[in-house]
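> Please see the structure below; I have some questions.
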Amino acid sequence: MSFTPLSDTPAYKQLQLHQQQMHQQGLEISHLFDQQSDRFTQFSLSAAGVFLDYSKNRITETTKELLCDFARQQQVELQRDAMFSGEKINFTEQRAVLHTALRAPSNTPQRIDGIDINAEVHMVLAQMQAFVEKVHSGVWRGASGLVITDVVNIGIGGSDLGPKMVCQALRSFAHQGIQSHFVSNLDGHALDAVLSQVNPASTLFIISSKTFTTADTMLNAHSARAWFLQHFSAADLSRHFVAVSSNQPAVQAFGIAPENRFGFWDWVGGRYSLWSAIGLPIALSLGFAHFRALLDGAHAMDVHFQQAPIEQNMPILLAMLGIWNRDLLGCGSLSIAAYHHDLRAFPNYLQQLDMESNGKRINHHGQTVDVATGPIIWGDVGTNGQHAYFQHLHQSSDITPVDFIAALRPQHHLAEHQLMLLANCFAQSQALMRGKTAQQVTTEMQTQGMSDEQISLLLPHRIFAGNRPSNTILLDELSPMRLGALIALYEHKVAVQGFFWGINSFDQWGVELGKVLAKAIEGDLHSGTTATSHDSSTAGLIAKVRAAGK
Ligand SMILES: O=P(O)(O)OC[C@H]1O[C@](O)(CO)[C@@H](O)[C@@H]1O
């Protein structure tokens, strides 16, 4: 089959030409605001309770039209529909991609290989609900009769980042009496820190692993079990250990009874799994009704994503803006600035979602994509980031687009804090966009009575180039519904970018090589021999470990 490199396609060439023209005309975002008084209205929209202002991007109406043409050329809608209909679009693993089915209401049948997955999904949800209610009501107790006060989730990657982020983000909705803990890192310090805080008699461990083979999780799970058995007998394990996994035999081999396993399916990717039983720590932390609200919020975004035309489709627009910034403006990273302290794990969560999905360069044809693919995702909460890396955003030689995220209503009563927080959020995007010219800086310094000598020394340092793009995403409040919609927005954005680039956003071969090599090195460290195949750096580092152990 003939294959046209992306940069040779008509829509891409049009965009490139348009970008060059904008550049030649010296068109800057602030000029575009001056020219168009309704720019904010033109370049903003609401969906599923999420508001997106994308007016502070380097775009015009023509840019948007050309990006929409690009989306049509790349058959983005067709690929979206294939995803929702259960086609095996994860073609390297021959799997459907149906995390959206996890949040669909009951009685919306969807079949894969003849099986109605909607019924299966709702069976597991019912199992989760029953379990959560038993734990919360004290019907489910520890082996010595104490109620459960601490839930320790042991999992990594998608089996950790989503649930951890959501529990933290929605802590104001938490069920009283349950403390959640998350152990992911195989570094013993992580497990040790949690075990030193909890009482085995009132602690429930959730071993969360889709495959139940991930080395990090298995080591932590075995160590947690060994710790528990220092205090209780093997017969007591069933009151304190449950598993979330699609690998029933491995769960049983670990010693967890089938009735203590919450299942899910191969059509749920790890980084898309918080909606499945992997969300059990969320449901235990918040209560099942809030977990359901999270799913409902995501479902509302799914419906919007499926139904809205490209021009008004929030996930598609967000994806297109990302493509414009990445491929046409050459921005290598995207910074996430959440102006909500409870969203401090959000950038970390998005790192896996985006970088494990689109940190790839081979397309469906087995060819290298000839434009840049997924950006680096990084960030922190405002206002902390302002006093750390925002200097780089404002004045470095790199242009880094920013997604500002804020909630209009806080979950606290410190009104003064909220207004100041929002003022800072809006001011940052304004400063990035407007910058400060030499003329403005000079006038300012003259007003301050500075000498000509001082002015000429300081002037270049105090100029802000501006014209730096950002989006602002507003929620009315950080509720379960709105957080669900926000997460689904980014999930779909990432998927759409994969559709644009023609890559498979749903596999993760890139993490395998390191795992295999770690096993070999671990073998060397245990055995005391060093494989001759190692390079001198690796052999030298292994020798350092041995020397330290003597
Ligand atoms: O749930 P599991 O199977 O333990 O996998 C954990 C994580 O490991 C990865 O496979 C990558 O190492 C992720 O994609 C996944 O979320």
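> Project the alpha carbons of region 313-459 onto their principal axes and report the range along each, largest first, in whole Å.
Result, largest extent first: 64, 44, 27 Å.
> So for region 408-464, averaging the separation of alpha carbon pairs under 8 Å that are six or more residues apart and normalising by length, what relative contact order in percent results?
Normalised by residue count, the contact order of region 408-464 is 35 percent.
> Quick one: net charge around M450, please, counting Lys, Arg +1 and Asp, Glu -1 for every other residue with C-beta under 12 Å from its C-beta.
Cβ neighbours under 12 Å give a net charge of -2.
> Net charge near N260: determine it from the other residues with C-beta under 14 Å of the C-beta of N260, scoring Lys and Arg +1 and Asp and Glu -1.
+2
> Follow-up question, since we're still on this one. So for the chain: antiparallel DSSP bridges make up what percent, rounded to the nearest 5?
Percent antiparallel among DSSP bridges in the chain is about 30.
> Once every Cα of region 127-197 carries one equal point scatterer and solvent is ignored, give the base-10 log of I(q)/I(0) from the Debye formula at q = 0.17, 0.25, 0.27 Å⁻¹, two decimals.
-0.75, -1.25, -1.27
> What figure, in Å² to the nearest 10, do you get for the accessible area of T4 with a 1.4 Å probe and non-protein molecules left out?
Rounded to the nearest 10, that gives 80 Å².
> Ok, one more. Could you tell me which residue out of S184, F254, A277 lies farthest along the dipole of region 99-286 toward its positive end? Charges go on the beta carbon: Lys and Arg +1, Asp and Glu -1, centred on the Cα centre.
Going by the Cα projections, it comes out as A277.
> Highest mean first, what order results for 314-326, 394-406, 219-231, 484-496 on Cβ atoms within 10 Å?
Order by mean packing, descending: 484-496, 314-326, 394-406, 219-231.
> To continue, here is another question. Restricting to lysines 8 or more places apart or on different chains, can you count the pairs in the chain with Cα atoms under 21 Å from each other?
14
> Let me ask something additional. Would you work out the charge dipole size for the chain about its Cα centre, treating the Cβ of every Lys and Arg as +1 and the Cβ of every Asp and Glu as -1, and quote it to the nearest 20 debye?
800
> Magnitude of the Cβ-charge dipole of region 79-130, K/R +1 and D/E -1, about the Cα centre, nearest 20 debye?
With Lys and Arg at +1 and Asp and Glu at -1, about 120 debye.
> Once amide H atoms are built 1.01 Å from N in the peptide plane, which residues 5 or more positions from S44, or in another chain, come under 5 Å H to H?
Those qualifying (amide H under 5 Å, at least 5 residues apart or on another chain) are Y54.
> Arranged from highest to lowest average of other beta-carbon atoms within 10 Å per residue, in what order do the peptides 99-105, 160-166 appear?
Ranking the peptides 99-105, 160-166 by packing returns 160-166, 99-105.
> With all pairs of different alpha carbon atoms counted, what Kirkwood hydrodynamic radius in Å does region 99-286 show?
16.6
> Sticking with this structure for a sec: With the contact rule set at Cα under 8 Å and sequence spacing of 6 or more, what percent relative contact order holds for the chain?
Contact order relative to length: 19 percent.
> Tell me what the chain gives for mean residue ellipticity at 222 nm when only DSSP H runs of n ≥ 4 count, each as -39,500 (n - 2.57), the sum divided by the residue total, rounded to 500 deg cm²/dmol.
-14000 deg cm²/dmol
> With viscosity set to 1.002 mPa s at 20 °C, what whole-number translational diffusion coefficient in µm²/s follows for the chain from Stokes-Einstein and a Kirkwood radius over Cα pairs?
This corresponds to a translational diffusion coefficient of 84 µm²/s.
> Pairs of Cα atoms under 8 Å, at least six residues apart: use those to get the relative contact order of region 99-286, whole percent.
That works out to 29 percent.
> Probe of 1.4 angstrom, ligands and nucleic acids ignored: what's the accessible area per residue over region 265-304, in square angstrom?
Here the residues of region 265-304 average 18 Å² of exposed surface.
> In region 130-241, what percentage of the DSSP-assigned beta bridges are antiparallel, given to the nearest 5?
Beta bridges within region 130-241, antiparallel portion: roughly 10 percent.
> Where only protein heavy atoms count, and the probe is 1.4 Å, what is the accessible area per residue for region 46-151 in Å²?
43
> Could you tell me how many degrees, from 0 to 90 and to the nearest 10, lie between the Cα long axis of helix 61-73 and the main elongation axis, the longest principal axis, of the Cα atoms of the chain?
40
> Another question about this same structure. Quick check: net charge around G157, other residues with Cβ under 12 Å of its Cβ, Lys/Arg +1 and Asp/Glu -1?
Net charge in that neighbourhood comes out at +1.
> In a solvent-free Debye calculation with one equal scatterer on each Cα, what is log10 I(q)/I(0) for region 14-107 at q = 0.11, 0.18 Å⁻¹, listed in the order of the q values?
Treating every Cα as an identical point scatterer, log10 I(q)/I(0) equals -0.54, -0.95.
> Of all the accessible heavy-atom surface of the chain, with the other protein chains kept in place and a 1.4 Å probe, what percent is carbon and sulfur?
Accessible surface attributable to carbon and sulfur in the chain totals 54 percent.
The values are calculated or read from the model by the stated rules, or taken from the named source; none is laboratory data. Quick caveat, the model's predicted, so the values are computed rather than measured. Heads up, the Cβs are rebuilt from the backbone with ideal geometry, glycines too, and the neighbour counts pull from every protein chain shown. Side chains are part of the model used for accessible areas, which takes the heavy atoms of the whole protein and leaves out ligands, DNA and RNA. Shrake-Rupley method; radii C 1.70, N 1.55, O 1.52, S 1.80 Å.
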